[in-house]
Each structure stands twice: as structure tokens, then as C-alpha cells.
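The values are calculated or read from the model by the stated rules, or taken from the named source; none is laboratory data. Computed from a predicted structure; not experimentally measured. With ideal geometry, Cβ positions are generated from the backbone for all residues, glycine too; neighbour counts draw on all protein chains shown. The accessibility values were calculated without ligands, DNA or RNA, using every heavy atom of the protein model including side chains. Shrake-Rupley method; radii C 1.70, N 1.55, O 1.52, S 1.80 Å.
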Amino acid sequence: MNRHVQRIDADFVVSITDLKKNPSAAIAASSASGGAVGVLNHNRVVAYLVDPAVYEALLEEIDDARLAEIVRERQDEPTVEVAIDEL
């Protein structure tokens, strides 16, 4: 059997069985920690539960990174002057 150590990026973990029994406890742990709760199935991380604010912040970070990449790609393009009244 292929066994390797899996990194768990969470302060708390819950088995999928316990999650099914009491999802509210796992959600509360996620909210309380302000981070992620790792969901384990056969001692392997299969999912992470995160507080909605954390998820939204991650999406913002991804969006900002994409926009920064567009800016870098376009920084050497010629500029066009436009009057504010023309917009």
C-alpha cells in the first residue's frame, strides 16, 4: 500500500462519520477558529470546512492575484489618453 504523510492545513479535524453525526459542531469549530476544519475519511483529508468570511477573503485574494497578473501583462502596452467626460 502507498503510504505517505499528508499535510493537514487546519487547526481542527473531524472524521466524516462525526461530521455526519453532528455537522453543527464542525461548523462551529470552523467559525470559532477563524480557519479551516479538515474533514478526514480513513485518516486522509477529503475536504475542508471554512467560515464564509474566510472563503470570501480567499476568493478576493485569487481575484486580486489575477488582476495583478493582467496589469503586469499590460504594463508595456501603449497608453491612450481619454477625457473623463468621454467615458
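Against the condition assigned to a helix (DSSP H, G or I), open to solvent by less than 80 Å² (accessible area, probe 1.4 Å), among the aliphatic types (A, V, I, L, M) and modelled with pLDDT of 90 or more, how does ALA68 come out, does it pass?
When the stated conditions are applied, ALA68 passes them.
Show the residue pairs that are 6+ apart or on different chains and have beta-carbon atoms under 6 Å apart, the first residue being within segment 28-44 and farther than 18 Å from GLU56 by Cα and buried (at least 19 other Cβ atoms within 10 Å of the Cβ), the second being among the polar types (S, T, N, Q) and modelled with pLDDT of 90 or more.
Taking only residues 6 or more apart or on different chains, the pairs are LEU40/SER15.
Across segment 44-86, what is the total count of residues that are hydrophobic (A, V, I, L, M, F, W, C) and farther than 30 Å from PRO23 by Cα?
9
Return yes or no: is LEU59 hydrophobic (A, V, I, L, M, F, W, C), at pLDDT 90 or above and assigned to a helix (DSSP H, G or I)?
Yes.
In segment 4-24, how many residues are part of a strand (DSSP E or B) and either polar (S, T, N, Q) or more than 20 Å from the chain's Cα centre (by Cα) (or both)?
Residues that pass the stated criteria total 1.
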